[in-house]
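Everything below concerns the one structure shown next.
The values are calculated or read from the model by the stated rules, or taken from the named source; none is laboratory data. Keep in mind it's a predicted model, so treat the numbers as computed, not measured. Here the Cβ positions follow ideal geometry from the backbone for every residue, glycine too, while neighbour counts run over all protein chains shown. Heavy atoms of the whole protein, side chains included, go into the accessibility calculation; ligands, DNA and RNA do not. Shrake-Rupley method; radii C 1.70, N 1.55, O 1.52, S 1.80 Å.
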Amino acid sequence: MSTDRPVLAARGGELRCKGWRQEALLRMLENVLEVGERPADLIVYASLGKAARDWPSYQRIVSLLKNLADDETLLLQSGRPVGVFRTTSDAPMVLSACNNMVGSWQTPDRFYALAEAGLTIWGGLTAGAWQYIGMQGVLQGTYEVLRAVAREHFDGDLAGRWLLTAGLGGMGSSQPLAATMAGAASLTVEVNPEKLSRAQDNGWLHEVTDSVDAAITAVTAAAQERRPRAIGLLANAGEVMPELVARGVIPDIVTDQTAAHDARFGYLPSGLALDEWEASRAADPQALEERARSTMARHVRAMVALQAAGAVVFENGNNLRAQAREAGVTDAFAIRGFMERYLRPLFCRGIGPFRWVALSGDTADLAKLDDIAAALVPERPEVRRWIELARARVPVQGLPARSCWLGHIERARMAEAVNNAVASGEISAPVLFSRDHLDSAGMTHPLIGTEAMRDGSDGISDWPILDALLLSCTGADLVAVHAGGGGYSGFMQSAGVSVVADGTAHAATRLRRALNSDTGLGVLRYAEAGYDEARAVALNPASNLHWAATTATTEGDA
Ligand code: NAD
């Protein structure tokens, strides 16, 4: 075992558990560490998103999964196993609650103290629920946003345009690739030279420089020549953005994906060298946070100025605006969020970040899964286009996986086709289906997923809780309820789900029930909030949804 990559996911057809449902979850736990950012510390992504409480908890989870019977359920409390209960063979194998704290206790300071005391972890969204698949998990979301930006602002075409952004971490490293796939040139600012080298080695960046002049020259030349070229710049984004404003250099599109949600661990303040960061955190964490927020304030002021100068600017789900507002930037929310601005119409139809993982580890299985997905929804040609782009451009990280934005009914159709292919042996081993928590039913985050809801229900977290409760009744294999953590404290409540297609009739039923319930509730959440797109889906007989509001109206008992 190497200390920096202590876990690799098992591959092949051999089972270490009593069945594939348990084996699949064990492989996913291993996989999030195989592809994670700091696996030796169990950190998967977003600076602090963890897979398990600590290494003894990890070892214990592994051993419990190996011995778990089909009618038993393992309970996890913030990444620590607390017990195995006799349930039924239709119940989840694993139930996980992670970092949920009552209302006003959800503050960063309480979180850091409880995490330090070993009582909680932040599971991110997909880290503690073992669903992270590397940067691909967010790649299509970024790509879809850029396509929406193209449609809305640039006559459908990003050739000749350039994107300015920052952060090449677990999620952020998807940005230059998404920009290239969407046809734009890009400049990504990053403080850590290792992240820049990794992105260049993987082909996501075409060139890297530490000179602002050289970076601007390269990216503007690429844009002029309509070449989708990705440039990386070793610098602090909080310094570069104001510098561009001062020089009058206006990008076409501006966003950011530093881990700004966490002022202590995720965003390097201006004037601090990377190798001074840890010591500064240990010496005076509050002072460090203040410095980070003050840099974020300058960063966001520059973004607001770039927007005023004509750039298309949006926040990319990292809470940067809220941090800047806390540091006194009263107009931080003049910048809109990517979700409500560009992705909500898709969520209204239950279309969101679905994903599947070939548990065999065999890329030939991924190719077959891609074939099935490409042929699945001919009425939405963008699905085939995405699959073709992804299979050509997206590298395999860990167990071969594909993220693919599918909607209500579509996900269950995909899973059913795959379950049949597993049963026939066309696919060599079972396949796990899951999704990001930032999905239509799975997320309440009033500054990201549910910002500016039409009915004002932004912060109501009944929806992900209902989603998790419902999913637990459908036969899903893992159901998770996550919240808070770091700078996210008090802002987020989410639900996650994983279901395994092992080729059995039992799996076929559970897949259909779980996936249709999950997207169905998402559609109803947006229908209830007053979105016409969601209401149209909810009322379409093909959706097979029983929207109680409609029943009330038609039965005259409202
Ligand atoms: P990460 O911690 O793995 O990476 C953050 C990167 O930012 C690091 O490489 C770090 O060196 C760099 N960085 C920090 N301060 C910087 C600065 N001042 N200037 C330039 N670079 C700096 O985090 P991640 O997993 O990439 O996630 C990034 C953010 O995106 C998080 O806030 C996360 O919560 C959010 N997120 C958004 C979505 C979405 O759907 N848009 C999905 C997942 C995560």
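Mind telling me which of the residues A273, A283, A259 ends up being crowded, with 21+ Cβ neighbours inside 10 Å and either more than 9 Å from the ligand (Cβ to nearest atom) or in the same structural domain as I216 (by TED's automatic domain parsing) (or both)? Break it down stepwise before answering.
Values: A273 fails: crowded, with 21+ Cβ neighbours inside 10 Å; A283 fails: crowded, with 21+ Cβ neighbours inside 10 Å.
One residue alone meets the criteria, A259.
A Cβ distance below 8 Å, combined with a sequence gap of six or more or placement on separate chains, defines the contacts here; from segment 193-206, residues that are assigned by TED's automatic domain parsing to the domain that holds P176 reach residues that are surrounded by fewer than 15 Cβ atoms within 10 Å (Cβ to Cβ) and part of a loop (DSSP other than H, G, I, E, B) in the pairs N202/P395; G203/P395.
Based on what the data block shows, is S360 within 21 Å of G496 (Cα to Cα) and in contact (Cβ under 8 Å) with a residue 24 or more places away in the chain? Write out each step before concluding.
Numbers: within 21 Å of G496 (Cα to Cα): no; in contact (Cβ under 8 Å) with a residue 24 or more places away in the chain: yes.
No, not satisfied.
Sub-8 Å Cβ pairs linking a first residue in segment 105-119 that is in a loop (DSSP other than H, G, I, E, B) to a second residue that is among the hydroxyl-bearing types (S, T, Y), at least 6 apart or interchain, are Q106/S489; T107/S489; L119/S78, ordered by first then second residue.
Here V254 fulfils each of the conditions (1) within 16 Å of the ligand (Cβ to nearest atom); (2) surrounded by fewer than 19 Cβ atoms within 10 Å (Cβ to Cβ) apart from (2). Screening segment 111-122 for residues that are away from the ligand (no atom under 12 Å from the Cβ) and open to solvent by less than 20 Å² (accessible area, probe 1.4 Å) and picking the one that is farthest from N316 (Cα to Cα) gives T120. When G156, G169, G137 are checked against the criterion of being open to solvent by 10 Å² or more (accessible area, probe 1.4 Å) and in contact (Cβ under 8 Å) with a residue 24 or more places away in the chain, a single residue qualifies: G169.
Could you run through segment 286-296 and say how many residues are of a type in the set (G, A, S) and buried (at least 20 other Cβ atoms within 10 Å of the Cβ)? Give the steps one after another, and end with the answer.
As a first pass, look at segment 286-296 and keep what is of a type in the set (G, A, S): 287, 292, 294.
Adding the requirement that they be buried (at least 20 other Cβ atoms within 10 Å of the Cβ) leaves 292.
Residues that pass the stated criteria total 1.
The set of residues in segment 296-315 being among the basic types (K, R) and closer than 17 Å to G167 by Cβ consists of R298 alone.
Just one of the listed residues (A505, A534) is modelled with pLDDT of 95 or more and surrounded by fewer than 19 Cβ atoms within 10 Å (Cβ to Cβ), and it is A505. Against the conditions (1) within 14 Å of the ligand (Cβ to nearest atom); (2) hydroxyl-bearing (S, T, Y); (3) surrounded by fewer than 23 Cβ atoms within 10 Å (Cβ to Cβ), T363 satisfies every one except (1).
Of the residues making up segment 373-381, none is open to solvent by less than 10 Å² (accessible area, probe 1.4 Å), out of contact with any Phe, Trp or Tyr (no Cβ under 9 Å at 6 or more places or on another chain) and assigned to a helix (DSSP H, G or I). The combined condition, being open to solvent by less than 20 Å² (accessible area, probe 1.4 Å) and away from the ligand (no atom under 13 Å from the Cβ), is fulfilled by V313.
Of everything listed in (1) away from the ligand (no atom under 13 Å from the Cβ); (2) among the aliphatic types (A, V, I, L, M); (3) open to solvent by 10 Å² or more (accessible area, probe 1.4 Å), the single unmet condition for I351 is (3).
In the set (1) farther than 26 Å from P345 by Cβ; (2) part of a strand (DSSP E or B); (3) within 16 Å of the ligand (Cβ to nearest atom), L75 fails one condition alone, (3).
T509 - would you say it is in a helix (DSSP H, G or I) and more than 18 Å from the chain's Cα centre (by Cα)? Steps first, answer last, please.
Working: in a helix (DSSP H, G or I): yes; more than 18 Å from the chain's Cα centre (by Cα): yes.
The answer is yes for T509.
The one condition from (1) open to solvent by less than 10 Å² (accessible area, probe 1.4 Å); (2) within 16 Å of the ligand (Cβ to nearest atom); (3) small (G, A, S) that A40 does not meet is (1). In this entry, V240 is excluded by the filter for residues that are under 21 Å from L205 (Cβ atoms) and open to solvent by 10 Å² or more (accessible area, probe 1.4 Å). For segment 172-200, the set of residues classified as in a loop (DSSP other than H, G, I, E, B), more than 16 Å from E37 (Cα to Cα) and either open to solvent by 10 Å² or more (accessible area, probe 1.4 Å) or within 14 Å of the ligand (Cβ to nearest atom) (or both) consists of A182, G183, listed by residue number.
Applying the condition of being aliphatic (A, V, I, L, M) and out of contact with any strand residue (DSSP E or B) (no Cβ under 9 Å at 6 or more places or on another chain) to segment 11-58 and asking which residue is farthest from G170 (Cα to Cα) yields L15. Exactly one residue out of R525, R513 is surrounded by fewer than 24 Cβ atoms within 10 Å (Cβ to Cβ), modelled with pLDDT of 95 or more, assigned by TED's automatic domain parsing to the domain that holds N419 and farther than 30 Å from S47 by Cα, and it is R513.
Criterion applied to R21, R27, R53 was being outside any helix (DSSP H, G or I), open to solvent by less than 30 Å² (accessible area, probe 1.4 Å) and in contact (Cβ under 8 Å) with a residue 40 or more places away in the chain, and the one residue passing it is R53.
Under the condition of being more than 12 Å from the ligand (Cβ to nearest atom) and open to solvent by 60 Å² or more (accessible area, probe 1.4 Å), the residues counted in segment 297-306 number 1.
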